[in-house]
C-alpha cells in the first residue's frame, strides 16, 4: 500500500451516526452478539469496520439499515442516533431513504432481469413518477459509470459490473449513507480496484457517507477516513483515523493478539516484531514507530538499516517449489469446451489441465473466465461437453456419479447453498448419514470436527445465522467428515478473518501432506503464493498458464490476461531489496516473514 496513508490530510468530519450502549441478542440465542457497544461513524468519508469473524460486524450493519430487529428478530437495547432520532424505533422502510444496503453477493439482492428494471425496482415501490424515475436511473448509472449498459441483462454482467449495479440500485434511492458488507469478496483484482475507486468517487465527488466491512484493504486504506476495530470480545477496542489505527495495530503490543487482516507488508512487520521484540534494537524501533504521529507507517529504508545491523542473510528457503516427481493425474482435461444451452459463444473454449494426485493446485482467473463452469462440468452438473475431461483416469461420461461424489468433495463458494438442516450439529451429522458407523461414533466425530473448527459454542444455532466466516468453516467441516480423496474449495478464504483463514489453509496443507489432493478456486493471490504448488490460470475460457506460483507472478502477460494482481509482498520485497540487497525477492508472505525472522535469530 502506498505510503500516503500516513500523510493524509486530516479533515474534521462530524458524527452522522452514533451507537450508545447498544446490545442485541437474536431470538432463540442465550448470549448477545455484543453488549454495551459504543462507537460512531463520520459524515462524508469512508468508515471502515474491522474485526474477527463472528464478532458482529454484519449484525451492526443490519441494525443501521433496520433489517435488525425488523427482519432478523431479536431483542435490541440502547440507542443508535441519526439526526437526533433513534434508529431502533424506526421501521426498515423508513430507513432505506437514508441508508442503502449493498450485500456481499449482489445476486442475492437482484429482483429483476435487466439493469434498468433492477434500478427501477426500488423507485417503483416508492411510487416515484415516471419522469423522475428515468432521471434518477440515468443519474445512478452515471455515478457508477454504467450508462451504456442500461438495457443489458443482469446475467451477462461480470462480477464487478453486478456489484456496481447493486450499488447503483441503492444510489437511485438517494440515501445519505451507503452501507456495504464485504463488497469485493467475490471479485477479481481488476473488479475490486474498480469498486474501491468508485467508493472514493462517491465520497469525493458526491459527498456520500460510506460504512463498510471489508477484508481486502490493500487499496482501500488510503481512501478510509474513520476506522473502527472490534476485538474478539465483541467490543470496540480502537477507533480513529486510518493512519493512527493501523499504526497501533502494527506496533502496539496491546493489540498484538488481535485477529485483523492488514495489507501484507504490515502483517510481515507485525509478526517480525512479535517474534523479535526481546531484542533491544527491535524494541526501540517498535517504540519509535508507535510514537511517530506522522510519516510512513512502515519506513522501509529505516527497516532495511535495522536488518543490516542485526541480520545474517542466508539463502532463501525455496522448499515450497513444485515437486518434480511424476504423479498419476487425478484430473485431466484436454481441449475441454462448453457452451450454455441456446448460446453460441462457448464459456469454455479450450481448457487443458493436468492435476496430479496429492498436488495442491490453485485455479485462478478473472470473473467470467470459466472457473465455476469448469467445476460444474467436473462434477457432472453440466453436460454434454466438448473435448475430454477425466477423473481418476476415467472419462466423466463413464464415471458413476455416486463414486465420483464419494471421492471428490466440493465446498461451495456460498456456504449456505449446501446447508440442508437448521442446526449446526445436525449439519455435520447429516454428512455421516450413510457412513455406516454407529450413532455414538458419529456424534463423537461431529463433536471433534466442531472443536477443530471453533464451532462448538455454535452447535445449537441455525447455520444460516452464523457469520460468513463461521458458515465457511462449517461447510468445510461437513465435507471433511466424509474423507474424500480430492477436496475442491471454491473461494475458501471468502468471509474469513486472518487467523481463521490461516488455520483453514494450514489444515488444507496438512490434509495434502496426508495424501488428499487439494484444488482451490480463488481470487486470493496471497493464498496462491503461500500454499499452492501449481497454478492454473484461465482466461477467456482457455488455459493461459500452468506452473509454479513463482513463475506466474513473473509472467507479465499471463498476469495481464488473467487479470491477476501480483501479491504486494513482491513489491515490498523489491522495495526492501533496494536498501538491503542481501534480502531475496519473495511472492509469499509466509516465506518472507519466516526468512526475516530467521535472519535475525541466526545472527
In segment 452-493, which residues are in a helix (DSSP H, G or I) and touching a strand residue (DSSP E or B) at 6+ places or on another chain (Cβ under 9 Å)? 465, 468, 472, 475, 476, 478, 479, 480
Assess whether residue 395 counts as being modelled with pLDDT of 90 or more, in the same structural domain as residue 518 (by TED's automatic domain parsing) and over 20 Å from residue 547 (Cα atoms). yes
Of the candidates 124, 132, 77, the one satisfying the condition of being under 29 Å from residue 465 (Cα atoms) and exposed (fewer than 15 other Cβ atoms within 10 Å of the Cβ) is 77
Failed condition for residue 60, given (1) under 16 Å from residue 467 (Cβ atoms); (2) surrounded by fewer than 16 Cβ atoms within 10 Å (Cβ to Cβ); (3) modelled with pLDDT of 90 or more, with all others met? (2)
Among (1) over 24 Å from residue 54 (Cβ atoms); (2) in contact with a helix residue (DSSP H, G or I) (Cβ under 7 Å, 6 or more places away or on another chain); (3) part of a strand (DSSP E or B), there is one condition residue 543 misses while meeting the rest; what is its number? (2)
Residue 278 - would you say it is surrounded by fewer than 18 Cβ atoms within 10 Å (Cβ to Cβ) and part of a loop (DSSP other than H, G, I, E, B)? yes
Would you confirm, using the coordinates I've provided, whether residue 408 is in contact with a helix residue (DSSP H, G or I) (Cβ under 8 Å, 6 or more places away or on another chain), surrounded by 15 or more Cβ atoms within 10 Å (Cβ to Cβ), under 25 Å from residue 524 (Cα atoms) and modelled with pLDDT under 90? no
Checking the structure you have, find out if any residue of segment 547-565 is within 30 Å of residue 348 (Cα to Cα) and assigned to a strand (DSSP E or B). yes
Kindly establish whether residue 229 is buried (at least 20 other Cβ atoms within 10 Å of the Cβ) and in a strand (DSSP E or B). yes
Residue satisfying all of: in segment 426-441; in contact with a helix residue (DSSP H, G or I) (Cβ under 6 Å, 6 or more places away or on another chain) and outside any loop (DSSP other than H, G, I, E, B); nearest to residue 463 (Cα to Cα) among these: 427
Result of the Cβ filter at 7 Å on segment 201-213, keeping first residues that are free of Cβ contacts under 8 Å to residues at least 60 places away in the same chain and partners that are assigned to a loop (DSSP other than H, G, I, E, B) and crowded, with 19+ Cβ neighbours inside 10 Å, at least 6 apart or interchain, is 202/208
Only one of these conditions is not met by residue 383: (1) under 18 Å from residue 487 (Cα atoms); (2) assigned to a loop (DSSP other than H, G, I, E, B); (3) at pLDDT 85 or above. Which number is it? (1)
Being more than 25 Å from residue 138 (Cβ to Cβ), modelled with pLDDT of 90 or more and buried (at least 23 other Cβ atoms within 10 Å of the Cβ) narrows 224, 172, 168 down to just 224
Return yes when residue 232 is in contact (Cβ under 8 Å) with a residue 12 or more places away in the chain and assigned by TED's automatic domain parsing to the domain that holds residue 579 and no when it is not. no
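The values are calculated or read from the model by the stated rules, or taken from the named source; none is laboratory data. Treat the numbers as computed from the prediction; the structure is a model and nothing was measured. A quick note on method: Cβ atoms are made from the backbone with ideal geometry, for glycine too, and the neighbour counts reach across all protein chains shown.
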